[in-house]
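Nothing in this text is a laboratory measurement; each read-out follows from the coordinates by a stated rule. Just so it is clear, the model here is predicted, and its values are computed rather than measured. Counting neighbours? That spans all protein chains shown, and the Cβs are built from the backbone with ideal geometry, glycine included.
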């Protein structure tokens, strides 16, 4: 589904990602964990097309996507839930979801997909006429996920879903991500909350200062001494 | 007479708002100050003058001038601003300098092609003035107020009731995320230029009719007055721009009507701007609570 080969990304002279290799297979749920500043968000932005790569290749379903604008990648079925939610605060909940459907042209399909999101998050339907910025952090996170879901992504990129949320919301978000994956959506999550992320994933990568230092199934990662000490508080 | 001055103020304010709207729409999406918007005002006035001279039809003059100027705007974005803005880590001053260059170029092209002199803008409305009680109304004023109201209604409908307008509002708020959810942000930019430059063209024709003349230097005062209006309106807010334009128009009219100006009329916009920036730096309407 997603294959990254020798990806290098830099901000000016500063190398943020150094020859990253990573793969997410169809139907998988993969986490990338690592400390603050390791380059996790940069990685996800580069896949989405919001940050240019210096070298390397990114393939989605076998097709090279580097150089493609972000909206083309979205049309190809890449959904994005950004760090810090970034809902359109001056638009209503419903308008946010309609923006998410922008690349769809079939009105009936748009309504169907929005309805599906409302079924998943009844809270959003209750507030559909409300401006997004007046909602709580948890509700905004639901909206950010919903906005990515309405265009039926085949690959969902999720950046720090737990950030700034109450524990109960964090659990709900991870449960929903797991459910979405069970329904067949391939998911890659980037997360500081390693414990929660590894619980729902199939495989994990550990990213430290721009390098992938570990890659394994979650069972093995959870039993790894280094991971336990550094990320799981063991 | 107060009512007369209020009417005057609304009329002048409408033209100001219309002139500045393009700069607001462009700032809203591209985050650049497009001084060349005042060039569109000059170009539009000349196109309108030429079409009216050839056809004698004012509707055609407005329609075609707005269309041509709007399309030129799209081309300017495509071939000048877009390449500049696509460079990594570009300083905001670079597109600004480009826009000043374009603005100067427009005035000089007008001088080269149409000549340096003043062109008369004789539009015949059939009647010279209409008297309603004590109120004296020139037909051009009615045209200006009605047409501005119409254009702003169209703008409101486009921004709030169409798919492209939704894309515009999303892009104005967060261009990166708009791209990532599938919006081709180039279309929102093209919309800004078509409407913005088109509106500036209409404003140029209106001013030509109002003062019965155009010169290549027509855009000089609007080029800086426009800036104070868009800042006052809260940079990038269409509603704020309408309010700020009307406000400046009204203040200018009142001060000069009641002989309160010991200073030149055109400096009023800046005094108001400085006061507002001192008291409420986010502008009259801050961006967070409107489109």
Inset, instruction - Could you run the Debye sum over the Cα atoms of region B:184-277, one equal point scatterer each and no solvent, and tell me log10 of I(q)/I(0) at q = 0.11, 0.15, 0.26 Å⁻¹, two decimals? - result: -0.39, -0.70, -1.40
Legend entry - Average beta carbon contacts from partner chains per residue of A:60-73, 10 Å cutoff: 2
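Let me check against my output: what whole-number percent is the relative contact order of region B:2-289, with C-alpha pairs under 8 Å and at least 6 apart?
Once normalised by length, the contact order is 37 percent.
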Legend entry - nm² value of the averaged projected area, convex hull over the Cα atoms of region B:2-289: 16.1
Inset, instruction - Compute the normalised compactness of chain A: alpha-carbon radius of gyration over 2.2 N^0.38 Å, N being the residue count. - result: 0.99
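Find the relative contact order for region A:81-234 and round it to a whole percent, using C-alpha pairs within less than 8 Å whose residues are 6+ positions apart.
Result for region A:81-234 is 22 percent.
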Inset, instruction - Provide the FRET efficiency to the nearest 0.05 for the residue B:271-residue B:224 pair, computing r from the beta carbons and using R0 = 22 Å. - result: 0.95
Inset, instruction - For region B:63-208, count the residues as N, evaluate 2.2 N^0.38 Å, and divide the Cα radius of gyration by that value, please. - result: 1.32
Inset, instruction - Go through A:65-72, B:68-75 and give me the packing order, highest mean Cβ count within 10 Å leading. - result: B:68-75, A:65-72
Legend entry - Kirkwood Rh in Å, taken over region B:138-203 so that all alpha-carbon pairs contribute: 13.0
Legend entry - Protection proxy ranking, peptides B:31-42, B:262-273, A:28-39, average beta carbon neighbours within 10 Å, highest first: B:31-42, A:28-39, B:262-273
Inset, instruction - With runs of 4+ DSSP H residues as the only contributors, calculate the mean residue ellipticity of chain B at 222 nm using -39,500 (n - 2.57) per run, divided by the residue total and rounded to the nearest 500. - result: -23500 deg cm²/dmol
Legend entry - Mean ellipticity per residue at 222 nm, deg cm²/dmol - from DSSP H runs of n ≥ 4 across chain A, formula -39500 (n - 2.57): -11000 deg cm²/dmol
Inset, instruction - For residue A:134 paired with residue A:55, estimate the spin-label separation in nm (one decimal), with each label point 7 Å from Cα along the Cα-to-Cβ line. - result: 5.3
Inset, instruction - Taking chain B as the reference, fit the longest principal axis to its C-alpha atoms, fit the long axis of helix B:93-114 to the helix C-alpha atoms, and give the angle between the two in degrees, 0 to 90, nearest 10. - result: 40
Inset, instruction - Taking each pair of different alpha-carbon atoms in region A:87-149 once, compute 1/r for the pair, average those values, and report the inverse of that mean as the Kirkwood hydrodynamic radius in Å to one decimal. - result: 11.3
Inset, instruction - Compute the distance in nm between two label points, each set 7 Å from the Cα along the Cα-to-Cβ direction, one at residue B:113 and one at residue B:282. - result: 4.3
Legend entry - Rounded Å value of the spacing that divides the Cα centres of region B:99-128 and region A:96-126: 50
Legend entry - Partner chain coverage, peptide B:156-169 - average Cβ within 10 angstrom: 2
Inset, instruction - Using only atoms on other chains, find how many Cβ atoms lie within 10 Å of each Cβ of peptide B:171-178 and report the average. - result: 6
Inset, instruction - Calculate, axis by axis, the spread of Cα positions in region A:1-140 along the three principal axes, and write the results as whole Å, longest axis first. - result: 46, 32, 26
Legend entry - Max mean-square fluctuation residue, GNM over chain B, Cα-Cα springs under 10 Å, options B:207, B:158, B:221: B:221
Legend entry - Rg in Å to one decimal, and Dmax rounded to a whole Å, for the protein assembly as shown via C-alpha atoms: 27.4, 92
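R0 = 41 Å: FRET efficiency of residue B:160 with residue A:18, Cβ-based, nearest 0.05?
0.30
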Legend entry - Distribution of pairwise C-alpha distances over region B:1-99, 10 Å bins, in %: 14, 36, 28, 17, 5, 0
Inset, instruction - Mind checking the full-extension length gain between residue B:104 and residue B:60? Use 0.36 nm per residue of separation minus the Cα-Cα distance, one decimal, nm. - result: 13.1 nm
Inset, instruction - In nm, give the distance between the simple-model label positions of residue A:116 and residue A:163, each being 7 Å from the Cα along the Cα-to-Cβ direction. - result: 2.8
